[in-house]
Amino acid sequence: MLGKTASGLFWMFRYLERAESTARLLDAGFRIALTRAGSSRSEWESVLTTTGQLQGFRQRHGEATSTTVMEYLLSDRSNPASIISMVKAARDNARAVRIALTREVWEATNESWMTLDKLLSGRIPEADLPDTLTTIRQQNALVRGATNGTMLRNDGYNFLRLGTFVERADNTARILDVKYYLLLPSISQVGSTLDIKQWETILRSVSALRSYTWLHGATVNPRDIAQFLILHEQMPRSLAFCYNKICDNLGYLEKDYDNRTQACEMADSIRTDYLGRSMEMIFDDGLHEYIEDFLASNSRLAKQITADYSFEVTA
Amino acid sequence: MLGSGGGNGEDIRPAYQAFRQWLDRQPENRVSRKSEQAENFFRKIGITFNVYGEDEADERLIPFDVVPRVLSGNEWRKLSKGIEQRVRAINAFLHDIYHRQEILRAGRIPQSLIANNDAFLPKMMGFDPPGGIYTHIIGTDIVRTGPDEFYVLEDNARTPSGVSYMLENREIMLQMFPELFAEIPICEVSDYPSWLRRSLSACAPPACMGRPTVAVLTPGTYNSAYFEHSFIADQMGAELIEGSDLRVVDGRVAMRTTQGYKPVDVIYRRIDDDFLDPLNFNPDSMLGVPGIYDVYRAGGVTIANAPGTGIADDKALYSYMPDIVEFYTGERPLLQNVPTWRCSEPDQLAEVLDRLEELVVKEVHGSGGYGMLIGPAASKAEIEEFRAKLKAKPDGYIAQPTLALSTVPIYTEQGLAPRHVDFRPFVLMAPNSIDIVPGGLTRVAMNEGSLVVNSSQGGGTKDTWVLDD
């Protein structure tokens, strides 16, 4: 397939994933704001930090409040990292790779864009936020469902899956990066209401509160949460899950093309280095450094994939 | 449905009987409700076009009318025979004009018309395109003035567009009114993409090994016809490429794939000659591929349509088409040409200037309905403006009478109303075959009384039925 097409599929699904992840973060932030209005400012700032938007936000707005953050990350068309901009970017990529998508996937993507374009065109009253965020997730689920149900499992599919999981690993790691201090055993005051709320927020922002409870019962503790988000192989947003999928898809490409690229090697070694350890080792070496290093490795992998599969013209 | 006589409904053409009966049986709101749904359908599938000069993000819909245009089997057979004859002549003309130029030697058309024409590509002299085909795809614009009078308005021999509308208009009619297709015998148009692939593959270049790799070359997602380019590529299972995906590697044109550069055999290009190759043509082109033309001349790739075909659909040559048909086929033309004044000739110019109020004046190199004067609809000032232009550069223009075009009904809130239409069937030419899918693109001037059907000027489209009778 064309390198440009592979690139379009990869980025289309990166944007969809990031848009959805941003919607989850907003949802979690909104809950905190509702329940503890007094200290919601720091929560909104951490949402902005997680999405890498704090600086851009400060250039345009003053204080981080529900209204300003929501507007900036949801419907501000001049912010390339707002949900509406990312849904548009996904749709533009889809349009450019139209022939590599089934009619169902294209129509779901296009309809999702049309629905959200309309939904996010004016000011959204706070009372409508939960519904709005639900619609965003539902639209995304339609695209995902059409992809799952109709796409040929060929190299194109592998590239769109790579986009999905490289982005998802990045998003989960960023959430950990911003909230790592809450997960450190030494600092956490086990059992205080404040921390439980904070921990719940972390789980909510990866839509995993229920599944965590399912596995661990009512005992919320930071070590288990960190383990759940990093090493748990059944948790669909954990780093381990993402890297299993990344290695699988690079493996299919290796077989299909009969070519073991540097990206294949790199993904395997990231999986071994970062996900082949125990939680104790991770804490001993420093959670924060671990996450920073992981984020850097993950973005190096994305660059390597871009180079190995000719996404772009090189001299 | 109505003859040229007007909208009194007394002279319904026989081909429309079955549709009319069906329409009369429909509950009051059904058709208007469906008509509204059609717009959503088109938006959903993204069948839009971008308008030049406006915000690039602005993707517009072309209005769709639910009343089909119907041609009887007999009408179609007559029409398609005439088109086939004309297309054969065009291809023979192109071969001649780029080789021995017998038609010029015979004095049937003036030398100057070729020599001074930008659409003529001297670089094509003496070259035989693969399979001897210049015009793989032609869209012949037809207008009708009476029951048996079809005129050819234009021969689009460069990169005719609109075939996606032919296919999608049928698709939506099938979705909205499936019972119509069970009741009325209507010829299928859905074979077009596979026929296109087949006829392009039949023209693979000498360097091609095995099954030809076919690709559609588009200027990109911002082009007004991008939807169509991706649609055609998708439908025929070909790659959709841009100039930036291509480079010349080892004497072949190759596309950048995830496994390195791979040769392309047949390129169905949707960019103009001028932009194909910055080394051989316009050096400023960002859309083309440096050196592609040299590969083409060496037999490494097929370009469809061939460069230089524009000389055949040039408006300055149009008035000579009856001679061209006769010269190459030895037959009388089956389809008529619209009578045309050549403003380059002084006595004809004088007559045109005298009758500007009743004529249509077209720029020789214009397209898309721009740069055109429709006398009867123009203001005094517009007419004077054209008078000045004509005097300044007479050979830049031709003039034609405003034909008493036949109308077909469209669906409006006030009921059926007559509107002017034209019709573009799509012709596929391969070394041993000429295929015309029974159908085509019917464009309709949605505004009452208007004669301009171009989508960039408020025109719409409708499904076209050829009856299987």
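The values are calculated or read from the model by the stated rules, or taken from the named source; none is laboratory data. Just so you know, these numbers come straight off a predicted model, no measurement behind them. Methodologically, a virtual Cβ is constructed for each residue, glycine included, from the backbone with ideal geometry; neighbour enumeration extends over all protein chains shown.
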key: Selection status of B:Ala119, surrounded by fewer than 23 Cβ atoms within 10 Å (Cβ to Cβ), under 20 Å from the mean Cα position of the chain (by Cα) and under 24 Å from B:Asp323 (Cα atoms)   = yes
task = Scan segment B:292-348 for residues that are of a type in the set (Val, Ile, Thr) and under 16 Å from B:His95 (Cβ atoms) and jot them down.
result = B:Thr302, B:Ile303, B:Thr309, B:Ile311, B:Ile324, B:Val325, B:Thr329
request  = May I ask you to verify whether A:Gly29 is more than 19 Å from A:Asp131 (Cα to Cα) and either among the hydrophobic types (A, V, I, L, M, F, W, C) or out of contact with any Cys (no Cβ under 8 Å at 6 or more places or on another chain) (or both)?
outcome  = no
Checking B:Ser190 against (1) within 22 Å of B:Ser285 (Cα to Cα); (2) hydroxyl-bearing (Ser, Thr, Tyr); (3) in a loop (DSSP other than H, G, I, E, B), the condition it does not meet = (1)
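Quick grid of which residues meet (1) part of a helix (DSSP H, G or I); (2) modelled with pLDDT under 95:
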position	(1), (2)
B:Arg144	no, yes
B:Phe150	no, yes
B:Leu153	no, yes
B:Tyr165	yes, yes
B:Gln175	yes, yes
B:Arg197	yes, no
B:Cys203	no, no
ask   = Which ranges mark the strands (runs of 3 or more DSSP E) fully within segment B:350-464 that have 2 or more residues being closer than 23 Å to B:Val70 by Cβ and of a type in the set (Lys, Arg)?
value = B:415-424
ask   = With respect to the numbered conditions (1) within 16 Å of B:Pro63 (Cα to Cα); (2) touching a Cys at 6+ places or on another chain (Cβ under 8 Å), which one is the sole condition not fulfilled by B:Tyr411?
value = (2)
task = Mind counting the residues in segment B:250-288 that are closer than 25 Å to B:Pro122 by Cβ, away from chain A (no Cβ under 14 Å) and either in contact with a Cys (Cβ under 8 Å, 6 or more places away or on another chain) or not basic (Lys, Arg) (or both)?
result = 19
query = Counting only residues that are closer than 12 Å to B:Arg88 by Cα and outside any loop (DSSP other than H, G, I, E, B), how many does segment B:322-345 have?
reply = 6
request  = Considering each residue of segment B:237-284, count those that are more than 24 Å from B:Gly139 (Cβ to Cβ), among the hydroxyl-bearing types (Ser, Thr, Tyr) and either surrounded by fewer than 23 Cβ atoms within 10 Å (Cβ to Cβ) or touching a residue at least 40 places away in the same chain (Cβ under 8 Å) (or both), and give that number.
outcome  = 3
request  = Of all residues in segment B:285-322, count the ones that are of a type outside the set (A, V, I, L, M) and closer than 21 Å to B:His365 by Cα.
outcome  = 13
message = Among the residues in segment B:145-152, are any surrounded by fewer than 21 Cβ atoms within 10 Å (Cβ to Cβ) and within 23 Å of B:Gln21 (Cβ to Cβ)?
response = yes
request  = Test A:Gly122 against the criterion of being under 22 Å from A:Glu167 (Cα atoms) and either small (Gly, Ala, Ser) or exposed (fewer than 15 other Cβ atoms within 10 Å of the Cβ) (or both), and give yes or no.
outcome  = no
task = Out of A:Asp155, A:Asp92, A:Asp117, report the one residue that is more than 23 Å from A:Arg204 (Cβ to Cβ) and touching a strand residue (DSSP E or B) at 6+ places or on another chain (Cβ under 9 Å).
result = A:Asp155
key: Verdict on A:Ile291 being in contact (Cβ under 8 Å) with a residue 12 or more places away in the chain, touching a Phe, Trp or Tyr at 6+ places or on another chain (Cβ under 8 Å), under 20 Å from A:Gln234 (Cβ atoms) and among the β-branched types (Val, Ile, Thr)   = no
ask   = Is at least one residue of segment A:303-315 within 14 Å of another protein chain (Cβ to nearest Cβ), outside any loop (DSSP other than H, G, I, E, B) and in contact (Cβ under 8 Å) with a residue 60 or more places away in the chain?
value = yes
remark   = Within segment B:387-412, residues being surrounded by fewer than 17 Cβ atoms within 10 Å (Cβ to Cβ) and touching a Ser or Thr at 6+ places or on another chain (Cβ under 7 Å) number 2
inquiry  = Can you tell me how many residues within segment A:170-185 are among the hydroxyl-bearing types (Ser, Thr, Tyr) and surrounded by fewer than 23 Cβ atoms within 10 Å (Cβ to Cβ)?
reply    = 2
remark   = Scanning segment B:217-232 for residues that are over 17 Å from the mean Cα position of the chain (by Cα), crowded, with 23+ Cβ neighbours inside 10 Å and facing chain A (nearest Cβ under 8 Å) gives B:Ser230
remark   = Picking from B:Ala38, B:Ala89, B:Ala15, the residue that is modelled with pLDDT under 95, within 26 Å of B:Phe150 (Cβ to Cβ), part of a helix (DSSP H, G or I) and touching a helix residue (DSSP H, G or I) at 6+ places or on another chain (Cβ under 8 Å) would be B:Ala15
task = Within segment B:233-249, identify whether any single residue is away from chain A (no Cβ under 13 Å), closer than 25 Å to B:Ser190 by Cβ and not in a loop (DSSP other than H, G, I, E, B), and answer yes or no.
result = no
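Condition check ((1) within 28 Å of A:Leu182 (Cα to Cα); (2) within 14 Å of chain B (Cβ to nearest Cβ); (3) surrounded by fewer than 19 Cβ atoms within 10 Å (Cβ to Cβ); (4) over 21 Å from the mean Cα position of the chain (by Cα)) across all residues:
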{"residue": "A:Leu54", "(1), (2), (3), (4)": "yes, no, yes, no"}
{"residue": "A:His61", "(1), (2), (3), (4)": "yes, no, yes, yes"}
{"residue": "A:Ala64", "(1), (2), (3), (4)": "yes, no, no, yes"}
{"residue": "A:Ala108", "(1), (2), (3), (4)": "no, yes, no, no"}
{"residue": "A:Thr115", "(1), (2), (3), (4)": "no, yes, yes, yes"}
{"residue": "A:Glu126", "(1), (2), (3), (4)": "no, no, yes, yes"}
query = Which ones in segment B:179-196 are surrounded by fewer than 20 Cβ atoms within 10 Å (Cβ to Cβ) and within 14 Å of B:Ala304 (Cβ to Cβ)?
reply = B:Trp195
Residue list for segment A:276-302, restricted to those being assigned to a helix (DSSP H, G or I) and over 18 Å from the mean Cα position of the chain (by Cα) = A:Met279, A:Glu280, A:Met281, A:Ile282, A:Phe283, A:Asp284, A:Asp285, A:Leu287, A:His288, A:Glu289, A:Tyr290
message = Suppose we filter B:Thr329, B:Thr309 for residues that are under 30 Å from B:Leu153 (Cβ atoms), in contact (Cβ under 8 Å) with a residue 24 or more places away in the chain, surrounded by 20 or more Cβ atoms within 10 Å (Cβ to Cβ) and of a type in the set (Val, Ile, Thr); which single one remains?
response = B:Thr309
